[in-house]
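What follows is a single structure, written as structure tokens, with notes after it.
The values are calculated or read from the model by the stated rules, or taken from the named source; none is laboratory data. Predicted model, so just to flag it, every value in this text is computed and none were measured. Cβ coordinates were reconstructed from backbone atoms using ideal geometry, including for glycine residues, and neighbour counts include every protein chain displayed. Calculation scope for accessible area: heavy atoms of the full protein, side chains included, ligands and nucleic acids excluded. Shrake-Rupley method; radii C 1.70, N 1.55, O 1.52, S 1.80 Å.
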Amino acid sequence: MIEASADLISVPPNPYDLFRSWYDEALADERIEMADAIALATCNSLGVLSNRMVLMKSYDEQGVVFATNYASRKGQDLKQNPQAALLWWWPVLGRQVRMEGAVDRVSESESDQLFNDRPLASRVAACLSKQSSVIKDREQLLQEHRKLLQKGAPTRPNDWGGFRLRPFAIEFWLSRPSRMHDRWHYRQTGQQWQITRLSP
Ligand SMILES: Cc1cc2nc3c(=O)[nH]c(=O)nc-3n(C[C@H](O)[C@H](O)[C@H](O)COP(=O)(O)O)c2cc1C
């Protein structure tokens, strides 16, 4: 475990090393359900904000990938304003991670892979659901889902796929006694990450 502690020198120069260490610990901790759950905040072209939970599908030094319906509210926000903020909160570890960055669609082949990795019923649901649109009748939707399931494996619809957030800022927050929490802020400057410590 990398425990960023006494001073900036003990913090790894690459924020992904600290993220990997914290995320792996969260995944391994049996008290934590859905360590991969992230709050995703978006903002449309009028400056109207919205947020919701999504699941992290993967991450590497290129960024963080999540999957959704491109025509959903978040999809439309990201089309108008391709920037977003992500937040993980692991209460039993007293740790929060925030990322801010530009968002773009992953490649078609990556989206196909994300789609094909889902259980059949979820793939069918992704085909059926016009996410964030108003529905008249939930029962009808359930019936259509049952009917489509009989037809076997669907191909990925065009409006479903992955997004990748490429962070330019990453902040780690560690709970400490007496509200004297630790915060490390990484900001990308060219190939380097500039590290600062923030007041709690
Ligand atoms: C724990 C959790 C994980 C979720 N994961 C996803 C996800 O990976 N993709 C997704 O589209 N919606 C996911 N949802 C549903 C979203 O929070 C949201 O209701 C939906 O995407 C519609 O959001 P929008 O109308 O802002 O686009 C998840 C919800 C919860 C509570």
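The table below lists the values:
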quantity: All aspartates and glutamates inside 17 Å of LYS136 as judged from Cα atoms, apart from same-chain residues fewer than 8 positions distant; calculated: GLU144
quantity: Efficiency of FRET between ALA102 and SER199 - r from beta-carbon atoms, R0 25 angstrom, step 0.05; calculated: 0.35
quantity: Accessible surface of the stretch 1-158, 1.4 Å probe, proportion on carbon and sulfur as whole %; calculated: 51 percent
quantity: The stretch 1-122, relative contact order in percent, only Cα pairs under 8 angstrom and at least six apart counted; calculated: 19 percent
quantity: Exposed GluC sites (Glu not before Pro) absent: longest stretch of the chain, with sites in DSSP loops and at most 15 other Cβ within 10 Å deemed exposed; calculated: 62-200
quantity: log10 of Debye I(q)/I(0), alpha-carbon scatterers only, for the chain at 0.13, 0.19 Å⁻¹; calculated: -0.80, -1.36
quantity: Theoretical ellipticity at 222 nm over the chain - DSSP helices of four or more residues, -39500 (n - 2.57) apiece, nearest 500; calculated: -8000 deg cm²/dmol
quantity: Whole-Hz ³J(HN,Hα) from phi, Karplus 6.51 cos²θ - 1.76 cosθ + 1.60, for the stretch 160-172, glycine and proline x; calculated: 10, x, x, 10, 10, 8, 9, x, 9, 9, 9, 10, 10
